[in-house]
Amino acid sequence: MYRPQLLRVLLAGLKRSRPRAAEWLAAHEEAFVLVAWTYLFYGAHRDVTLDLPGIERLLVQTAPSEQDLRELRSWPRRALRWAHLVGDAVPFLGRRLASPHTRRLMHEASRYLRNRDGVGDEVRSVLRATLEGAWRDGERVLLIGHSLGSVIAYDTLWELTHVQHAAGKIDLLVTLGSPLATRFVQRSRKGARGEGAARHPHNVRHWVNLTARGDITALRRRLAPSFHEMHDLGLVDVLEDFVDFDNYFRGAAGLNAHEAYGYLAQPLLAQVIGDWLERSLS
């Protein structure tokens, strides 16, 4: 149920600005592959029915409402973000300043980063097998990673470079709402203890990062300051951040500036993906 809804939102965005790309993807839905690792991590499937009203809203509302903007720019949200930034810089304070929801997210990320019960190895193996299969088939690959999924994507690409020594390349890596630049993740990501080229994957041609205003999970909105060494060393041709847009998805718990559906509905993302698809068609 999750994959069809993600594809539905992405296609709606593409139809608005890149209709040729949308037409191709609608006719080749098998090209949109969801690497489903969340059941391995959480032991339960996501209840997509809770998302449906918010998805329907995204399909008809092409921009944030005035109410959305007021909430996204409200002082409580800004104060919460600054509290999380302080917590990321000073972990002792972070555990005390974080809300119960944020503490749960931190616990889940820590479980992955520390590979408790082998869960990190297991979820990366799913993505690795998918990428290796695509490369064997000679496919051009666009890889999208949202939230913790972006960390899993980065770590998997690092292992494919330095452990598996795979020859394949990611043509375009897109990260959405990524916590990769937070100190919490930077300390534990794959390659963190290396130097120079050993710190990074070598299999990404073009990296685009999108971080919505008000996304508290992606505390440090730009990834280029943390990963510029990849570009300096010639390991990636392009590394660019886009941060001046709003994610206005409303779900069962209210406005959620981090939700994947809201990112997939962004006109900016439609342009990035649409341009990539249309280059394949020309």
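Assess whether G138 counts as being without any contact (Cβ under 8 Å) to a residue 60 or more places away in the chain, among the small types (G, A, S), at positive phi and touching an Asp or Glu at 6+ places or on another chain (Cβ under 9 Å). No. Among all positions in the range 248-256, there is at least one residue which is small (G, A, S), buried (at least 17 other Cβ atoms within 10 Å of the Cβ) and touching a residue at least 24 places away in the same chain (Cβ under 8 Å).
Whenever a residue of the range 29-44 is without any contact (Cβ under 8 Å) to a residue 24 or more places away in the chain, its partners that are of a type in the set (A, V, I, L, M) and surrounded by 13 or more Cβ atoms within 10 Å (Cβ to Cβ), lying with C-beta atoms within less than 8 angstrom and at least six residues away or across chains, give the pairs E29/L7; A31/L25. The lone criterion from (1) at pLDDT 95 or above; (2) in contact with a helix residue (DSSP H, G or I) (Cβ under 8 Å, 6 or more places away or on another chain); (3) in a helix (DSSP H, G or I) left unmet by V33 is number (3).
For the range 158-172, the criterion of a residue being surrounded by fewer than 20 Cβ atoms within 10 Å (Cβ to Cβ), under 20 Å from N209 (Cβ atoms), in contact with a Leu (Cβ under 8 Å, 6 or more places away or on another chain) and of a type in the set (A, V, I, L, M, F, W, C) is satisfied by no position.
When residues in the range 213-250 are screened for being touching an Asp or Glu at 6+ places or on another chain (Cβ under 6 Å) and either farther than 14 Å from V185 by Cβ or assigned to a strand (DSSP E or B) (or both), 5 of them pass.
Whether any residue in the range 108-116 is touching an Asp or Glu at 6+ places or on another chain (Cβ under 9 Å), modelled with pLDDT of 95 or more and in a helix (DSSP H, G or I) is what I want to check. No: zero hits. Residues in the range 181-212 that are in a loop (DSSP other than H, G, I, E, B), closer than 30 Å to P64 by Cβ and touching a Gly at 6+ places or on another chain (Cβ under 9 Å): T211, A212.
The values are calculated or read from the model by the stated rules, or taken from the named source; none is laboratory data. Owing to the predicted nature of the structure, the values given are computational and were not obtained by experimental measurement. Positions of Cβ are generated from backbone atoms using ideal geometry, with glycine treated the same way; all protein chains shown enter the neighbour counts.
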